[in-house]
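Heads up, the thing below is written out as structure tokens.
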Amino acid sequence: MKILSTVNEVRSAVKAWKKEGKTVGLVPTMGFLHEGHISLIKRAVEENDHVVVSIFVNPTQFGPNEDFEAYPRDLEMDAKMCEEAGADIIFHPEASEMYPENFSSFVNMTGLTDALCGKSRPIHFQGVCTVVSKLFNIIPADNAYFGEKDAQQLAIIKRMVKDLNFDITIKGCPIVRESDGLAKSSRNTYLNAEERQAALVLSKAVNCGKEMVAAGEKDACTILTAMKDIINAEPLARIDYVEMVDMNTMKNIDTVSGDVLCAMAVFVGKTRLIDNFIVLED
């Protein structure tokens, strides 16, 4: 496995594979990998001849008071995990490689980016769309793999690919959880022991919502109230949002009908965690 740091290096390597008729999978990450990321890499390995994992903490998707500088990084550990999972290349550029001096072109989207995380993190998805667009241009992969934990991000990337005619297939992969239910996240490392236990209210609320829907409850307000009550009962937890939206528009809904995303962002201490569940129309 190679670790490449420049656009020219990784582009040349992937073009050589493509010239041989090989298929290429791309797994974009910000590093500090966990089992959720590894599940994406392993699926990419199963479905493609070669796999590139990008590891880049993207500065343009962090707001001024967010955790860009503190975001955990461990390239040595990441490289070991990528190699064991079967990746061929890690693309690990410096910020100056991705955003050279006088960089001034960004990819913006309206509609899907206005709700949920886009409401409380107004520049976030512009940064995501820009860096993912750059990765798709740098690495001409056949398939790209993203986790369903970031369900809004996944929907946005699928729409961007469709709108801008990227020649790539986007594949969503299921949430990977700890044995006690907490969704795997690089930010879980920020939690102390007490906060780690408190964070279980997210998966408890998710399970409550799923059970209510399975039992036939259709009223979104009733479901959301029950979920919020679980979270609000935990003193260390503070809700950013808990909402039910149409999967295709990210608009709030009153009744569970069609394809629905129930998503949440919750601060546990100072750490912002996300979780969700999806209801698909039969």
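The values are calculated or read from the model by the stated rules, or taken from the named source; none is laboratory data. Nothing here was measured: the structure is a model prediction, and the numbers come from that model. Here the Cβ positions follow ideal geometry from the backbone for every residue, glycine too, while neighbour counts run over all protein chains shown. The area values use the complete protein model at the heavy-atom level, side chains included, leaving out ligands, DNA and RNA. Shrake-Rupley method; radii C 1.70, N 1.55, O 1.52, S 1.80 Å.
General remarks:
- Residue within the stretch 91-107 that is over 24 Å from Ile3 (Cα atoms) and touching a residue at least 40 places away in the same chain (Cβ under 8 Å) present: yes
- Yes/no for Arg187 being within 25 Å of Ala87 (Cα to Cα), in contact with a Leu (Cβ under 9 Å, 6 or more places away or on another chain) and open to solvent by 20 Å² or more (accessible area, probe 1.4 Å): yes
- Unmet requirement for Lys80, which otherwise passes all of (1) touching a helix residue (DSSP H, G or I) at 6+ places or on another chain (Cβ under 6 Å); (2) assigned to a helix (DSSP H, G or I); (3) open to solvent by 10 Å² or more (accessible area, probe 1.4 Å): (1)
- For the stretch 158-173, the set of residues classified as open to solvent by 90 Å² or more (accessible area, probe 1.4 Å) and assigned to a loop (DSSP other than H, G, I, E, B) consists of Leu164, Asn165, Asp167, listed by residue number.
- Scan the stretch 248-276 for residues that are crowded, with 21+ Cβ neighbours inside 10 Å and modelled with pLDDT under 95 and the total you get is 0.
- Qualifying residue in the stretch 52-69 (condition: among the β-branched types (Val, Ile, Thr), touching a helix residue (DSSP H, G or I) at 6+ places or on another chain (Cβ under 6 Å), surrounded by 20 or more Cβ atoms within 10 Å (Cβ to Cβ) and modelled with pLDDT of 95 or more): yes
- Check on Cys221, out of contact with any strand residue (DSSP E or B) (no Cβ under 6 Å at 6 or more places or on another chain), closer than 25 Å to Leu112 by Cβ, open to solvent by 10 Å² or more (accessible area, probe 1.4 Å) and assigned to a helix (DSSP H, G or I): yes
- Filtered residues of the stretch 11-48 (kept if open to solvent by less than 50 Å² (accessible area, probe 1.4 Å) and in contact with a His (Cβ under 6 Å, 6 or more places away or on another chain)): Trp17, Val24, Thr29
- So Ser257, is it farther than 26 Å from Ser39 by Cα, not charged (D, E, K, R) and not in a helix (DSSP H, G or I): yes
- First in the stretch 171-197 and under 17 Å from Phe267 (Cα atoms) and modelled with pLDDT of 95 or more, second anywhere and of a type in the set (Gly, Ala, Ser) and open to solvent by 50 Å² or more (accessible area, probe 1.4 Å), Cβ under 9 Å, 6 or more apart: Tyr190/Ala70
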